[in-house]
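All remarks here apply to the structure that follows.
The values are calculated or read from the model by the stated rules, or taken from the named source; none is laboratory data. All figures in this text were calculated on a predicted structure; none of them were measured in a lab. Virtual Cβ from ideal backbone geometry, glycine too; neighbours counted across all protein chains shown. Keep in mind that these areas ignore ligands, DNA and RNA; they rest on the heavy atoms of the full protein, side chains included. Shrake-Rupley method; radii C 1.70, N 1.55, O 1.52, S 1.80 Å.
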Amino acid sequence: MTTEETSAILQELVTLLGSGRCLTDEDSCNHFGRDWTRFATPNPAAVLLPESIAEVQQIIQLARRFNTPIVPSGGRTGLSGGAVAANGELVLALDRLNRIIDVDPTSRSITCEAGAITAQIQEAAKSIGLHYPVDFASSGSSQIGGNIATNAGGIQVIRYGMTRNWVSGLKVVTGTGELLTLNRGLLKNNTGLDFRHLMIGSEGILGIIVEATLQLCSPPTDTAVLVLGVKSMGAIMSLLQRLQGQADLLAFEFFSHLALEKLIAQQGLRAPFDGASPFYVLAEYERQGEHSDRELEAIVEQVMAAGEADDAVVSQTIAQAKSLWQLRENISETIARWTPYKNDISATVSKVPELLVKIGEVVEQRYPDFEVVWYGHIGDGNLHLNILKPDSMAPEEFETKCKSVSEELFKIVDGCGGSVSAEHGVGLLKKEFLHYSRSKEEIALMKSIKRLFDPDLILNPGKVVDMDTAGRGDS
Ligand code: 2HG
Ligand code: ZN
């Protein structure tokens, strides 16, 4: 866009929103122009804060007229660059569209605007004795629209599944400014193609999610957290199998000793027990009475007697459960200081042992000098492998080195039938690796579908797939 075009559209946007909701100051551009990845320098033309669906539609119409790209922005807690605006785009931030519209105990659902914060929704569910079960460390700042646009996972997927499972209705403004009302909060609606599911996980390339209806469930009753120090990754998977036979698991997570060391050094957290182990498993489960508790204790004793685990602790109070959870939930934030190169890979749970062995070999050979932090939702088959940048190394050199290893890692992931992005999405960071998880035909279909919903290619350009803007043939 030329400078004249930019100032012309900005003038119209100020007329529409007022200067208080069309921001161009440096602080706002820096704040709203990026997500948690921090790798790109934000450079949006402006940040827009609509307060109604009609305003979102009008913004899209203007963006079409001026052929100006739009980057939708939620809580900006993403980890794949999906909300980065580095090329003079307009950031459409949903922060002011944050009302809870309806809490319906009979339908067991909540309808809210896209900017509602996850924790706000969880609280609203609680107020009627129900539960919104998609949860993660960023629930205090992530917005539901962003969660839906990335089909966010989190810490209890083993029990409740991903965000997709809980969305029964959506309102979406497409790239033509049309408002689509999808599925109307219905539990049963077999009337042809379900565009709701196309929008979930589409990372803002098909439409702007403006409203959602979410299903709720009964809260788990009596839960406890078990942390176990285990000797090997193999032991983690056999423990999962044994526990699943006995306990109603809400979460089954793991982290390596290096993660624990960083948590202790950076955050002053306490180790779960005195001795150190190579890995730790954190399992949360719903207690089923004393008999079941004894069975669980027996499993832990067997695992220790078999030499697979060193030590174990079970929470006795809610406060203790919370502080054990910090050992897993605070890892990402704690290691952010080393600008880690992040991997978010997955395989079916039965393939995880093979994946772990093969990835372990590559990591040992190719990252001998880097600190590697292993953690993740191992019970869902999801591993977060974070490579920490040595302080002395330039970011560009670090990235180049890590990327070349990624090719190797992703071949292994592909060979195991897995995914190069389990829950963080594709955004900018995984785009060049998408072909390891999706076929040529699928990627071509993604591009054709994008053209249907966004014919002028104004929505979140450059994210997920690269479109050819010169001709019709997409790259
Ligand atoms: C988590 O599971 C988040 O803690 C962040 O998905 C993962 O930092 C990461 O790589
Ligand atoms: Zn995660």
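Results, tabulated for the structure shown:
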read-out: Qualifying residue in region 454-475 (condition: in a helix (DSSP H, G or I), open to solvent by less than 60 Å² (accessible area, probe 1.4 Å) and either among the hydrophobic types (A, V, I, L, M, F, W, C) or closer than 25 Å to N147 by Cβ (or both)); value: no
read-out: Some residue of region 409-420 being assigned to a helix (DSSP H, G or I), closer than 26 Å to N87 by Cβ, more than 16 Å from ligand 2 (Cβ to nearest atom) and in contact with a helix residue (DSSP H, G or I) (Cβ under 7 Å, 6 or more places away or on another chain); value: no
read-out: Neighbours by Cβ (under 7 Å, 6+ apart or cross-chain): first from region 323-339, assigned to a helix (DSSP H, G or I); second of a type in the set (D, E) and within 11 Å of ligand 1 (Cβ to nearest atom); value: R328/E253
read-out: Cβ pairs under 6 Å, 6+ apart, first in region 420-446 and farther than 19 Å from Y341 by Cα, second in a loop (DSSP other than H, G, I, E, B) and away from ligand 2 (no atom under 16 Å from the Cβ); value: M446/V465
read-out: Count of region 218-267 residues which are among the polar types (S, T, N, Q) and within 29 Å of K358 (Cβ to Cβ); value: 5
read-out: Test: residue in region 381-400 that is within 15 Å of ligand 1 (Cβ to nearest atom), among the aliphatic types (A, V, I, L, M) and out of contact with any Pro (no Cβ under 7 Å at 6 or more places or on another chain); value: yes
read-out: Test: Q215 is surrounded by 17 or more Cβ atoms within 10 Å (Cβ to Cβ) and more than 16 Å from ligand 1 (Cβ to nearest atom); value: yes
read-out: Out of Q266, Q288, Q316, sole residue that is in a helix (DSSP H, G or I) and open to solvent by 20 Å² or more (accessible area, probe 1.4 Å); value: Q266
read-out: Search result, residues across region 80-101 that are surrounded by fewer than 22 Cβ atoms within 10 Å (Cβ to Cβ) and touching a residue at least 24 places away in the same chain (Cβ under 8 Å); value: A86, N87, G88, D95, R96, N98, I100, I101
read-out: Leading residue by the ranking (nearest to A119 (Cα to Cα)) among those in region 48-79 that are of a type in the set (G, A, S) and surrounded by fewer than 23 Cβ atoms within 10 Å (Cβ to Cβ); value: S52
read-out: Residue selected from region 153-173 under the condition open to solvent by less than 20 Å² (accessible area, probe 1.4 Å) and within 30 Å of Q57 (Cβ to Cβ), by the criterion farthest from ligand 1 (Cβ to nearest atom); value: V173
read-out: Exclusive hit being of a type in the set (V, I, T), touching a residue at least 60 places away in the same chain (Cβ under 8 Å) and open to solvent by 50 Å² or more (accessible area, probe 1.4 Å), set T221, T176, T181; value: T221
read-out: Those residues of region 356-382 which are within 16 Å of ligand 2 (Cβ to nearest atom) and either open to solvent by less than 20 Å² (accessible area, probe 1.4 Å) or β-branched (V, I, T) (or both), in sequence order; value: V373, Y375, G376, H377, I378, G379, G381, N382
read-out: Total residues in region 422-465, condition under 24 Å from N87 (Cβ atoms) and touching an Asp or Glu at 6+ places or on another chain (Cβ under 6 Å); value: 5
read-out: L327 vs. criteria buried (at least 16 other Cβ atoms within 10 Å of the Cβ), over 30 Å from K411 (Cβ atoms), away from ligand 1 (no atom under 14 Å from the Cβ) and of a type in the set (A, V, I, L, M); value: no
read-out: Candidates S107, S139, filtered to the one that is among the small types (G, A, S) and either in contact with a helix residue (DSSP H, G or I) (Cβ under 9 Å, 6 or more places away or on another chain) or part of a strand (DSSP E or B) (or both); value: S139
read-out: Every pair of residues 6+ apart whose Cβ atoms lie under 8 Å, when the first sits in region 129-144 and is open to solvent by less than 40 Å² (accessible area, probe 1.4 Å) while the second is more than 16 Å from ligand 1 (Cβ to nearest atom) and aromatic (F, W, Y); value: Y132/W166; P133/W166; V134/W166
read-out: Out of E432, E407, sole residue that is open to solvent by 30 Å² or more (accessible area, probe 1.4 Å) and under 20 Å from the mean Cα position of the chain (by Cα); value: E432
